Amino acid sequence: MKKIYTIISFLLLAMTFVSCNDKLDIEKHGSLSTGTFYKTDEQAGEAVAAIYYQHRDIEFYYKLLKNLFSDDFWAGGSARNDNPDLEAMNEFTFDTSNSYIENLFTSYYQIIYKANMVIANVEPDDNYKQQMIAEAKIFRAWSYFELTSMWGNPPLVDHPLEASEYTQPNSTPEKLWAFVEKDLTDAINSGRLVSKSSVDDNTNYRVTKELAYALLGKAYLWQGKYQEATEAFEKVINSGLYKLYEGNYGDVLTSSNRNGCESLFESNRVEDVNNEYDNSNYYSLMINWRMDHISNMPSDFGLYASGYGFCSPRKSLYDAFVAEEGPDGYRLNQTIKTYDQLVAKGLKFSQPIYGEGYFDWKLRYEAKDCPASAWGCNTNTLRWMRYSEVLLCAAEAYSRIGNQTKVKEYMDMIRNRAHVSLKPSYTLADIKNEKRLELFGECVRYQDLLRWDKDNDGTGAGTMLADQGKVYPMMQVDGSVNYYTANSEGKYGFKTRNTLLPYPFKEISQNTAIHQNAGWE
């Protein structure tokens, strides 16, 4: 009814002023034009803030997709078919209509669009605007790194599109990687990116020059440019602005270590009592333990009281930890909790849970991070990259060019912090395994597995993900685990076509210029 009254009022107003059109030629409130916006420092800052916000809100699809495509997690939940799209990703039975793939693909291009608007419309006529342009290029490069490493040949959009340009064809990996490199080197060479003031500076939440070097190093590593990769990673290492967190390892990703000495970039969250649901974080609820299947949760665990139990750690991951550091390993027990450990602490289960009796502790959702009046919100910051990843990527690049001195230096640093015995030397396989353990749950393994397929050493996706989807586990109340057939033979697991993700059906339907990746036609 209100809508009808609004329309009638508008028509009456138009009739009243029909002879006064010249007086009504005013800009519509709430509308922004490139002719009037992007002109001041404040407007440039607001435009880049929109990129930060868009990047922060990619978390839900980004983390669930990447982690469930890896060999470290079961889909989880209360039982099979709790979330068919998540299970399809975890079992490699998904198709081109999978909602998570579609939303993640779209989110990357939303970041690119906002970055393109800044780069095209902000005049670099002062230092601050130059900084905003440089930051936009980092976000654009990051998005294209993600798209290229998972889709292979997505459209390259380097400017705001006119209506006649909306159907963009596939690009090539060569052009896309060159574009990523250029955006990052341009941002670095601008001289306008900020850096932390010291290793203990926890006040900066902007993208930095060191982050740009780290991303550039990863782009080189993915292309097999190993010498260039080491040089980029050394810019971060030699800056002296980062170090491995020396507190309790289990707190490395908790709010007690926000923007700590190891963090290269975090999406900041601020508790605002007037807008608490701006911190809505459904991802944290999704991976928090299945609380309605637990009859007694010890209060000293400090966990939030709601959760759906998705992304349950696999026994194969737990076994990899045990093989490296034993069942009492310091890092292991700060990363994963077992059924026996939880029951010994007084926890009691009331219903079966999808999983093998292992529970994620590293990514836990703590009650203290949720405002009392805002269900499911989380004020903890989002970590996008840690210094440990820089060290491990550098170690891999050095291993591939034969510099064992540097490999040992960086691997020793990681293992010393993890309280794991050091080795006289480390193979490439050692580095790959260390990266799996150290960066568990941090959304890097899936893309590593894709890349490592080229090594033909059994560490890539073709081997590690071949049987995913064959069975699924249900942990019973007494801790025993039953395994059930998930899919018929040949209908599950990583196959050749999974080397690249499919372009979403919606994208293919609307963009007639793009060609689907092989095997998804």
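The table below gives the values:
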{"quantity": "Distribution of pairwise C-alpha distances over region 438-521, 10 Å bins, in %", "calculated": "15, 29, 35, 17, 4, 0"}
{"quantity": "Cα-based convex hull, region 252-320, per residue volume (Å³, whole number)", "calculated": "161 Å³"}
{"quantity": "Cβ-placed point charges (K, R +1; D, E -1), dipole of region 434-480 about Cα centre in debye, nearest 20", "calculated": "140 debye"}
{"quantity": "Reported label for calculated semi-axes √(5λ) of the Cα gyration tensor in Å given (1) 34, 29, 23; (2) 41, 31, 20; (3) 39, 30, 25", "calculated": "(3)"}
{"quantity": "Over region 163-224: Rg over Rh, Cα atoms, Kirkwood Rh", "calculated": "1.13"}
{"quantity": "From the C-alpha gyration tensor of region 288-402, square roots of 5λ in Å", "calculated": "30, 20, 12"}
{"quantity": "Separation of the V343 and A518 label points, Cα + 7 Å toward Cβ, nm", "calculated": "5.0 nm"}
{"quantity": "Förster radius 51 Å - calculated FRET efficiency between T405 and D300 (Cβ-Cβ, nearest 0.05)", "calculated": "0.70"}
{"quantity": "Compactness index (Cα Rg / 2.2 N^0.38 Å), region 66-120", "calculated": "1.48"}
{"quantity": "1.4 Å probe accessible area per residue over the chain, in Å²", "calculated": "43 Å²"}
{"quantity": "Sequence of H419, H293 when ordered by accessible area, the most exposed leading, probe 1.4 angstrom", "calculated": "H419, H293"}
{"quantity": "Rounded accessible area of D340 (nearest 10 Å², 1.4 Å probe)", "calculated": "110 Å²"}
{"quantity": "When the convex hull of its Cα atoms is projected in every direction, mean area for region 33-167 (nm²)", "calculated": "10.0 nm²"}
{"quantity": "Kirkwood estimate for region 198-279, i.e. one over the average of 1/r between Cα atoms, Å", "calculated": "14.5 Å"}
{"quantity": "Residue-by-residue Karplus 3J(HN,Hα) for region 482-495, coefficients 6.51, -1.76, 1.60, Hz, glycine and proline x", "calculated": "9, 10, 10, 5, 9, 9, 6, 3, x, 9, 9, x, 5, 10"}
{"quantity": "DSSP bridge orientation in the chain - percent antiparallel, rounded to nearest 5", "calculated": "95 percent"}
{"quantity": "Inter-probe distance in nm under a simple model that places probes 7 Å from Cα toward Cβ, at S488 and Q110", "calculated": "3.9 nm"}
{"quantity": "Accessible surface of the chain [probe 1.4 Å, protein heavy atoms]: carbon and sulfur percent", "calculated": "51 percent"}
{"quantity": "Cα long-axis angle, helix 209-223 against the chain (0 to 90 degrees, to the nearest 10)", "calculated": "70 degrees"}
{"quantity": "K495/Y166 FRET efficiency (R0 41 Å; Cβ-Cβ; nearest 0.05)", "calculated": "0.80"}
{"quantity": "Exceeding the 23 Å Cα-Cα cut-off - candidates K66/K182; K39/K137; K137/K218; K137/K454; K337/K406", "calculated": "K66/K182; K137/K454; K337/K406"}
{"quantity": "Low-density loop cleavage sites - trypsin sites (Lys or Arg not before Pro) in region 481-519, where at most 12 other Cβ are within 10 Å (DSSP)", "calculated": "K491"}
{"quantity": "When the convex hull of its Cα atoms is projected in every direction, mean area for region 375-471 (nm²)", "calculated": "8.8 nm²"}
{"quantity": "Diffusion constant of region 40-89 at 37 °C, which comes from Stokes-Einstein with the Kirkwood Cα-pair radius and 0.692 mPa s, µm²/s", "calculated": "248 µm²/s"}
{"quantity": "Nearest-0.05 FRET efficiency for K470 and A367, computed from C-beta distance (R0 30 Å)", "calculated": "0.20"}
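The values are calculated or read from the model by the stated rules, or taken from the named source; none is laboratory data. Every value quoted in this text rests on a predicted model; they were computed, and no experiment measured them. Glycine gets a Cβ as well: all are built from the backbone with ideal geometry, and neighbour counts include every protein chain shown. Remember, those area values only see protein heavy atoms, side chains included, never the ligands or the DNA or RNA. Shrake-Rupley method; radii C 1.70, N 1.55, O 1.52, S 1.80 Å.
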